[in-house]
Structure formats: structure tokens, C-alpha cells
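> Below: one structure in C-alpha cells.
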Amino acid sequence: QLLQDRKNTGEHQIVVERLAKELAKMTTSENSIQAPIILENRDVQHLYVPISGQRKPGISFLESVMQLHPTPALGGEPKELAVEWIRQYEPGSRGLDGAPIGWISGNDDSGEFAVALRSGVFAGQQGVLYAGCGIVADSQAELEREETKIKFQPMLRGIGGQV
């Protein structure tokens, strides 16, 4: 059902197109972009598209991560305009929410990073959880709200809370 959903596939395509464009600047040959598949988790499903390429000499692993961040799913599109809007209108920092998180090898300039789609920050008995939704032209506010509540479930289970 997710693979046929116009809103979600359209939102996902925006992300794939931007990643492919950015990767083309950093890779030596045409990137391999596979067909979308469903990545199933306990609470939510994600559209997943494996994309791979060979990094150009002179571009470090960390530079490539920085070039890809933030993706349109978390920062918006076009990137520069969206990032400026976020800086101007969002109160405070997002912290690690939506940040690239991973590791870099000290030996061979390789590593692995993922996007921290959901996160939380805690101090003593107080905490803030972060989750969100992708807003595009076809979005319906109530459906996005319900989707976001579902995205909180794994974190809430971990701390014994509820929406």
C-alpha cells in the first residue's frame, strides 16, 4: 500500500532526486539507484532506496556526509532556502534530531552514517522526544499528526511513557 501512496512516494522521490544530484557531484561514475522497497519496523514502514557510488579522490568521507545533510525529508527543498527558513523561524536547536549519526574509521577514510530520524534529550527526570513528518503539497494535517504520534511509540515504550 505504501508503494502506491502518491503523497508518500512523491515525498520520497524528492529526497531520492536530491541525494542522486548531490552524489553525482562526489562520485566518479553513474550512481546505482535501485527501485524503492519497504523497510518494515514494529511501528512504522519506510520507503527505502539503496543508492551507491564510488567517491571521487580528494573528497573525504566526512565532506560527503556534510554535503548530503540535511536531506529534504528533514531540511526541506530547495536546501539553501529551507535551511535559512528553519534558522529564522524555528525556536531553538533541533539538537541531534535529523542529524547524521555514525562513525568514521581512523584508518581508511570510510565509515557509516544514518539520519537520526527520531531522538530524545534527557536531563534527570526531564526529557524531550523528537519526531516529525514530511509536509508536501498533498499532506493532510490530521494524517500527518497521527503518523507522528505513531513515530513516537518506540521511544515512548523505551521510557515507559505514552502519547
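The values are calculated or read from the model by the stated rules, or taken from the named source; none is laboratory data. Keep in mind it's a predicted model, so treat the numbers as computed, not measured. Note that we place each Cβ from the backbone using ideal geometry, even for glycine, and neighbour counts take in every protein chain shown.
Per-residue answers, yes or no, for (1) closer than 17 Å to THR71 by Cβ; (2) of a type in the set (A, V, I, L, M, F, W, C):
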{"position": "GLN1", "(1), (2)": "no, no"}
{"position": "GLY10", "(1), (2)": "yes, no"}
{"position": "ALA20", "(1), (2)": "yes, yes"}
{"position": "ALA24", "(1), (2)": "yes, yes"}
{"position": "THR28", "(1), (2)": "no, no"}
{"position": "ALA35", "(1), (2)": "no, yes"}
{"position": "GLU40", "(1), (2)": "no, no"}
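> Another question about this same structure. When the residues of the stretch 48-69 are narrowed to those that are in contact with a strand residue (DSSP E or B) (Cβ under 8 Å, 6 or more places away or on another chain), in a loop (DSSP other than H, G, I, E, B) and not charged (D, E, K, R), which ends up surrounded by the fewest Cβ atoms within 10 Å (Cβ to Cβ)?
Selected residue: PRO50.
> Can ALA73 be described as closer than 19 Å to GLU22 by Cβ, assigned to a strand (DSSP E or B) and either modelled with pLDDT of 90 or more or of a type outside the set (Lys, Arg) (or both)?
For ALA73, the condition - closer than 19 Å to GLU22 by Cβ, assigned to a strand (DSSP E or B) and either modelled with pLDDT of 90 or more or of a type outside the set (Lys, Arg) (or both) - is not met.
> Still on this structure, I have one more. Does the stretch 38-46 contain at least one residue that is surrounded by fewer than 16 Cβ atoms within 10 Å (Cβ to Cβ), part of a helix (DSSP H, G or I) and modelled with pLDDT of 90 or more?
no
> Tally time: how many residues in the stretch 15-36 are modelled with pLDDT of 90 or more and either surrounded by 13 or more Cβ atoms within 10 Å (Cβ to Cβ) or touching a Leu at 6+ places or on another chain (Cβ under 8 Å) (or both)?
11
> Only one of GLY95, GLY102, GLY58, GLY127 is over 18 Å from VAL16 (Cα atoms), of a type outside the set (Val, Ile, Thr) and free of Cβ contacts under 8 Å to residues at least 12 places away in the same chain. Can you tell me which?
Criteria check complete, one pass: GLY58.
> Give me a count of the residues in the stretch 109-163 that are under 17 Å from the mean Cα position of the chain (by Cα) and among the hydroxyl-bearing types (Ser, Thr, Tyr).
Of the residues in that region, 3 qualify.
> What is the residue count in the stretch 1-22 for residues that are under 15 Å from the mean Cα position of the chain (by Cα) and either among the basic types (Lys, Arg) or not in a helix (DSSP H, G or I) (or both)?
So the count comes out to 1.
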